1. In the range 370-432, which helices (runs of 4 or more DSSP H) lie fully inside it and hold 1 or more residues that are farther than 23 Å from VAL190 by Cβ?
2. Here is a list of conditions, (1) surrounded by fewer than 18 Cβ atoms within 10 Å (Cβ to Cβ); (2) small (Gly, Ala, Ser); (3) farther than 28 Å from ILE286 by Cα, and ALA340 meets all of them except one; can you say which number that is?
3. List pairs: first residue in the range 303-314 and farther than 17 Å from VAL264 by Cα and free of Cβ contacts under 8 Å to residues at least 12 places away in the same chain, second residue open to solvent by 10 Å² or more (accessible area, probe 1.4 Å) and in a helix (DSSP H, G or I) anywhere in the structure, Cβ distance under 9 angstrom, at least six positions apart or on different chains.
4. So which residues in the range 256-272 are touching a residue at least 60 places away in the same chain (Cβ under 8 Å) and under 13 Å from ARG288 (Cα atoms)?
5. Answer yes or no: is there a residue in the range 222-231 that is in a helix (DSSP H, G or I), open to solvent by 10 Å² or more (accessible area, probe 1.4 Å), under 18 Å from ASN384 (Cα atoms) and at pLDDT below 95.
6. In the range 21-34, how many are open to solvent by 30 Å² or more (accessible area, probe 1.4 Å), among the aliphatic types (A, V, I, L, M) and in contact with a Leu (Cβ under 8 Å, 6 or more places away or on another chain)?
7. Do we have ILE360 as touching a Lys or Arg at 6+ places or on another chain (Cβ under 9 Å), part of a helix (DSSP H, G or I) and closer than 30 Å to GLU128 by Cα here?
8. Do we find a residue being over 23 Å from the mean Cα position of the chain (by Cα), small (Gly, Ala, Ser) and under 22 Å from ALA293 (Cβ atoms) anywhere in the range 246-255?
Amino acid sequence: MEADPTRMCELLVGLGEVDLVGIGDGGGDEPLEVVIRSRRPRPTCDDCGSRLWSKGYRTVVLVDLPAFGRPVRLRWRKRRWACPNPGCAVGSFVEQDPGIGPERALLTSRAARWVTVQVGKLGRPVDEVATELGCGWHTVNNEVARWGEALLEADTSRVGQVEAVGVDETLFWRQGRWRTKVWCTSVVDVGGRQLIDIVAGRTAESAARWFRSQPVEWRDGIRWAVLDMSGPYRTAYDRVLPNAAQVADPFHVIRLANQRLDEVRRRVQNETLGHRGRKHDPLYRIRRLLTSASERISDRGRIRLRGLLDAGDPHGEVRTAWHAKETVRGIYQIDSIPTALRYTLQLADDLQHESCPPEINKLGRTIARWTPQIANWHISKVTNGPTEALNNLIKRIKRTAFGFRNFANYRIRALLYAGKPNWNLLTTITPH
């Protein structure tokens, strides 16, 4: 059977019902140019039903997928149609074919879907993808934002009912001459380990505003609200999720105890030796052992810990702080919920005793304020661990992009990478 070279080229181009007008090759590093036109029959006017007249062509150049290792430009000869009826309000218009490229597009539809997957799903740098297509950074980035937003809007089932929600702050960028920190808030489905959204700011109002924008039924279905002992987030939960039980993340509770212990060590260091910790100072030498879990310290480490505490802690303040830290860790070794609540209440009171260092008194006051949230962990067994893990994915996108300044770009890139959209929908959508 004799092959038709033109039809073979049309199949290779793979853009549906189009005629291949020609292919231009400038040679060297210049992109290949593929010239096409639509094969559709002459349409009729949607208003009056008259058969439209042709008013010639208007050529639109779109970036297409590379072919044979070279960039490609698709020159689409769009036909301009006009209604012959003088009384019709349609006038003239240029034909559109979303299968080739949506209106005001910079890339063909297939190229736009490809770059959205490469940048959004796989986390590749925009500049790397743009170099492969032989176009500019903004050309690719604009299409990723356009198609990514359309995908998230179309994926109405991406966020289902959430039983446990978590929030945490992330650094967006450092602004201006003085490198002022600009923060944002990650909202996470803790149970599903999915990034729901990113909100500008880390205040109580910014978080509460986002929750108020969600359906009431969705908010009422949230059972647990996890946080990292942050006052603003606690206020936001109190305002918009009054029926959800708040849970203080165990990692942050123990980290706070370690911070207070370290503050005691540094203060005692300065009071006894008159300077900050140095290499051969007793307390500085055990700074890592002090914050280690007791059960992970070897027998040799325990001997070293006791000896250097005797040498550098004359009044036993660091030793007291270390025991306080271990006692706080004991909260999460209790199985009984009522016992855990009583233990936490008693611990908060004991840590505020006058015999304890002032830093430990401060820890006791904090635990007293957060006792219900700390004890709720024994009921829920949920933590902010998934939130922290998703923040690491967001930071990976930031590193790939060498930082962001545009919050809209930052949000869409993070949601495409960590928000678990249904990527199968990408082939079914066309952005407006």
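The values are calculated or read from the model by the stated rules, or taken from the named source; none is laboratory data. Given the structure is predicted, the values throughout are model-derived calculations rather than measurements. So basically every Cβ, Gly included, is an ideal-geometry build from the backbone, and we count neighbours across all protein chains shown. SASA here: full protein model, heavy atoms, side chains in, ligands and nucleic acids out. Shrake-Rupley method; radii C 1.70, N 1.55, O 1.52, S 1.80 Å.
1. Where helices (runs of 4 or more DSSP H) fall fully within the range 370-432 and carry at least 1 residues being farther than 23 Å from VAL190 by Cβ, they are 385-400, 407-418.
2. (1)
3. Filtered contacts from the range 303-314: GLY307/PRO282.
4. Within the range 256-272, ASN258, LEU261 qualify.
5. Yes, that holds for at least one residue.
6. Adding up the residues that qualify gives 1.
7. Taking the combined requirement at face value, the residue does not satisfy it.
8. Step one: of the range 246-255, the residues over 23 Å from the mean Cα position of the chain (by Cα) are 253-255.
Pick out the ones that are also small (Gly, Ala, Ser) and you get none.
Within the range 246-255, not a single residue is over 23 Å from the mean Cα position of the chain (by Cα), small (Gly, Ala, Ser) and under 22 Å from ALA293 (Cβ atoms).
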